[in-house]
1. Any residue in the stretch 314-338 that is within 22 Å of Asp28 (Cα to Cα) sitting within a Cβ distance under 8 Å of a residue that is among the polar types (S, T, N, Q) and open to solvent by 50 Å² or more (accessible area, probe 1.4 Å)? List the pairs, counting only those 6 or more apart or interchain.
2. Working only within the stretch 344-376, note down all residues that are farther than 22 Å from Ala40 by Cα and among the charged types (D, E, K, R).
3. Restricting to the stretch 213-252, name every residue that is over 16 Å from His282 (Cβ atoms), β-branched (Val, Ile, Thr) and surrounded by 14 or more Cβ atoms within 10 Å (Cβ to Cβ).
4. Take the residues of the stretch 161-185 that are in contact (Cβ under 8 Å) with a residue 24 or more places away in the chain and within 23 Å of Val224 (Cβ to Cβ): which is least open to solvent (accessible area, probe 1.4 Å)?
5. Give Ala133, Ala144, Ala114 a once-over and let me know the one that is closer than 25 Å to Val236 by Cα and without any contact (Cβ under 8 Å) to a residue 60 or more places away in the chain.
6. List the strands (runs of 3 or more DSSP E) inside the stretch 301-363, counting only whole elements, that have at least 1 residues being among the small types (Gly, Ala, Ser) and modelled with pLDDT of 95 or more.
7. What pairs come up if the first residue lies in the stretch 247-268 and is under 19 Å from Gly208 (Cβ atoms), the second is modelled with pLDDT of 95 or more and part of a helix (DSSP H, G or I), and their beta carbons are under 6 Å apart, counting only those six or more places apart or on different chains?
8. Being part of a helix (DSSP H, G or I) and buried (at least 17 other Cβ atoms within 10 Å of the Cβ) is the filter; apply it to the stretch 364-385 and report the residue that is farthest from the chain's Cα centre (by Cα).
Amino acid sequence: MTSPLDGVRVIDLSTLFAGPLAATFLGDFGAEVLKIEHPAKPDAARGHGPAKDGVNLWWKTLGRNKRTATLNLSAPEGADLLLRLAAEHDVLIENFRPGTLERWGVGPNRLLEANPRLVIARVTAFGQIGPYASRPGFGSLAEAMSGFAALTGEPDGPPTLPPFGLADGIAALATSFAVLTALRNAERTGVGQVVDMAILEPILMLLGGQITAYDQLGIVQQRVGNRSVNNAPRNVYRTADGSWVAVSTSSQSIAERVLRLVGRPDLVGQPWFASGHTRAQHADELDAAVAAWIGERTLPDVLDAFERAEAAVGPVYDVRGVLEDPQYQALGTVLEVQDDELGPVKMQNVLFRLSETPGTVRWAGRPHGADTIEVFTGLGLDEDRIAELRQKGVL
């Protein structure tokens, strides 16, 4: 069985999360991904999160399906080798500050001279142009500057940043989509191009049309905790046995089922109950009704009653719940991969299922520079030349 991206060759020059995760998504569906790292400065992602016996665990997922080689791009010989690699690849993903590749002599113009069909994805906090382009930045700044943090948290509390790389993850998905779009054009026309991905922008797109609402009505959305400005009841509620469940009523029919289930059909008959927006204006009353009913029942009883009523509810999990949940198990969301360093390793499977050409995890993230000799032997360098370049710090 072939994978949908068989034959697509990707160079991943990027570090940390948005760029590397985009390359991971491509690799999951068959792209041949080559991860390039500095000989003396591995990707900082290898140092994020917990490690076991000195082996970073997040890297096992982030680096999966990638070969890894070392190359000092700031050295002229390293830049020349990158141009040779680019001539044999379809995609290059990088996230250096704007102007860095140009300073090293391997900017887009040079790369496209080496390979006119190349798709070059440049993933930075602020994009390639504008007054902030040269500033350092990470996903946390995008979460702050997009308006996400201003919306997150309790009304009387501070803005809240997520405890994980949310903006980076959203940008990674957007980057992989952009790369596939540009690859499709290269197939048709034979012409490569540059993808300018600012991490600021994809997360902004998901915040519910705030720009248009402000433009047309002057509305500035405020923090509402776990509630929604678009519908109610929508919150997390504590059960009698100390667990938590999330309830959502985005559709009118579900809202009606929930209120009938909790013994308040009288509220369903109120004029304001007829739309999500007007229900949200009565969130206190609706929350009180749902919270009281849930608070008198255990988690299994709540889940069973909601299921029988065909109302939307979900338990609030930590990672232990994810691993135990039968729906995740049925989907095959968690995969066990055999790894040379750690043995069997569990990680999340590929993001979606294709009926004819499913994605696969062929191997977990490999050690720094593990494939350097193989990669550059493939470019025609012999052992003596590789040893010389290693001594110079180029490889």
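The values are calculated or read from the model by the stated rules, or taken from the named source; none is laboratory data. Just so it is clear, the model here is predicted, and its values are computed rather than measured. Virtual Cβ from ideal backbone geometry, glycine too; neighbours counted across all protein chains shown. In case anyone asks, the SASA skips ligands and DNA or RNA and just uses the protein heavy atoms, side chains included. Shrake-Rupley method; radii C 1.70, N 1.55, O 1.52, S 1.80 Å.
1. Hits for this filter: Thr333/Gln348; Val334/Gln348; Leu335/Gln348.
2. Scanning the stretch 344-376 gives Lys346, Arg353, Glu356, Arg362.
3. Val236, Thr239, Val245
4. Ala167
5. Numbers: Ala133 fails: closer than 25 Å to Val236 by Cα; Ala114 fails: closer than 25 Å to Val236 by Cα.
It is Ala144.
6. On the way: elements: 313-315, 334-339, 343-348.
Qualifying strands (runs of 3 or more DSSP E): 313-315, 343-348.
7. These pairs meet every condition: Thr249/Ala255; Thr249/Val258.
8. Initial filter on the stretch 364-385 (part of a helix (DSSP H, G or I)): 372-377, 383-385.
Those still in the list that are buried (at least 17 other Cβ atoms within 10 Å of the Cβ) too: 372, 375-376.
Numbers: Thr372: 28, Val375: 28, Phe376: 31 Å.
Residue satisfying both the conditions and the ranking: Phe376.
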